[in-house]
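First up is the structure itself, then whatever we jot down about it.
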Amino acid sequence: MSKIGILDVDGFNYPNLALMKLAAWHKLQGDAVEWVIPLCTYDRVYMSKVFTFTQDFSTCVQSKEVIKGGTGYDLKNKLPSEIEKIYPDYSIYNLKNKAFGFLTRGCPRNCAFCIVSQKEGKQSIQVSDLGQFWSGEKEIKLLDPNLLACKDYKKLLQQLIDSKAWIDITQGLDARLLNEDNTYLIRQLKIKMLHFAWDNVSDEKAIIPKLLKFKKDTQFDFRKMRVYVLVNFNSSHEEDLYRIYKLKDMGYDPYLMIYDKKVAPVITKKMARWVNNKFIFRSCEKFEDYKIVR
Ligand code: SF4
């Protein structure tokens with residue numbers, strides 16, 4: 001039996017799927033798995049980092065072997081397929097009724113600010129069935145980058161419908177791909193939250209009519225429909241405000257994603273605090289008013 005240490009370098013803000021799978025696989029081999037304790041020694045330690053902006057773990061890790069993985073280190077490292085396919089050990093994050101996973105990987109859009117197409121390929125392809133990471137949990141957090149771009153999306157949406165679990169599509173449905181067929185299926189999901197994205201101002205003509213039609217067809221309101229708005233990439237402050245107000249007027253809930261936050265202007269960070277804190281956003285209609293009271 002080996003003693004395995006796991007380390008979530010990003011902190012514990014969001015469960016690390018790779019570590020949950022590594023823990024499950026090692027426990028199946030009869031190994032002891034625990035979160036790394038700095039003074040303890042290990043046979044092997046896995047350090048995982050999803051975000052490039054997270055500082056690496058600087059405390060010395062006492063282990064015969066240290067394996068680092070995740071997009072925060074590089075885009076090439078991957079889990080071996082027998083580990084990738086395993087049912088995650090949600091208990092390491094004390095998760096009792098939430099499942100996390102990918103049904104598809106890859107995205108044809110290859111947006112300049114996003115690593116998905118480079119890391120996972122320029123095609124959205126099915127990588128698992130729901131049963132691989134879900135076994136009756138009440139909520140499913142889907143991490144797929146572009147589910148609707150996958151040719152098998154109907155079968156996969158049907159699996160989510162049949163689960164009768166609450167569904168949070170966390171990474172964004174591609175609004176440009178919405179049509180009658182997929183809207184019909186999405187309406188049958190038990191939706192906790194849907195996410196869309198309006199990252200480039202210039203995509204207005206491609207995205208806004210689709211979102212308006214989706215809203216009309218589903219009658220969902222802002223509590224179920226969030227739209228990521230990329231800022232500090234290629235838009236002006238005025239264009240950011242334009243997207244925020246437009247989405248709000250349409251009955252969607254904007255959520256700002258700051259590109260390269262370290263170098264973002266103060267006003268952009270302030271705008272993100274206003275939009276992303278939903279208590280403030282709903283009680284303070286205009287950014288100008290928020291700026292005055294802050
Ligand atoms: S559509 Fe989304 S997932 Fe695909 S490349 Fe653009 S940002 Fe990334």
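Read-outs: derived from the displayed coordinates by stated rules, not from any lab. Predicted model, so just to flag it, every value in this text is computed and none were measured. Don't worry about glycine lacking a Cβ; one is built from the backbone with ideal geometry, like all the others, and counts go over all protein chains shown.
Things to note:
- Residues Glu288 and Arg187, FRET efficiency given R0 of 41 Å [Cβ-Cβ distance, rounded to 0.05]: 0.65
- Diffusion coefficient, µm² s⁻¹, Stokes-Einstein with Kirkwood Rh over alpha-carbon pairs of region 28-173 at 37 °C and 0.692 mPa s: 191 µm²/s
- Cα convex hull of the chain - mean projected area over all directions, nm²: 16.4 nm²
- Summary of the geometry: region 39-118 and region 173-199, compared by the centres of their Cα atoms, lie 27 Å apart.
- Region 1-92, relative contact order in percent, only Cα pairs under 8 angstrom and at least six apart counted: 35 percent
- Taking the longest Cα principal axis of the chain as reference, the axis of helix 153-163 is set at about 70 degrees.
- A Cβ-based charge dipole, computed about the Cα centre of region 1-92 with Lys and Arg at +1 and Asp and Glu at -1, lands at about 140 debye.
- Seen against the Cα atoms of the chain and their longest principal axis, helix 266-276 is set at about 90 degrees.
- A simple spin-label model places the labels of Ser91 and Glu34 1.5 nm from each other, with each point 7 Å out along Cα-to-Cβ.
- When DSSP beta bridges are restricted to pairs lying wholly in region 65-205, around 15% turn out antiparallel.
- Cα-based helix-to-principal-axis angle, 204-218 vs the chain, degrees rounded to 10: 90 degrees
- Our summary of shape: the Cα atoms of region 199-273 have principal axis extents of 40, 24, 17 Å, ordered from largest down, in whole angstrom.
- Calculated Rg and Dmax of region 74-148 using C-alpha coordinates, Å: 13.5, 38
- Against the compact-protein benchmark of 2.2 N^0.38 Å, the Cα-based radius of gyration of region 1-92 scales to 1.01.
- Based on DSSP H segments of at least four residues, each scored -39500 (n - 2.57), the chain has a per-residue ellipticity at 222 nm of -9000 deg cm²/dmol.
- Dipole of the chain [Lys/Arg +1, Asp/Glu -1 at C-beta], most positive-end residue of Ala165, Tyr14, Ile115: Ala165
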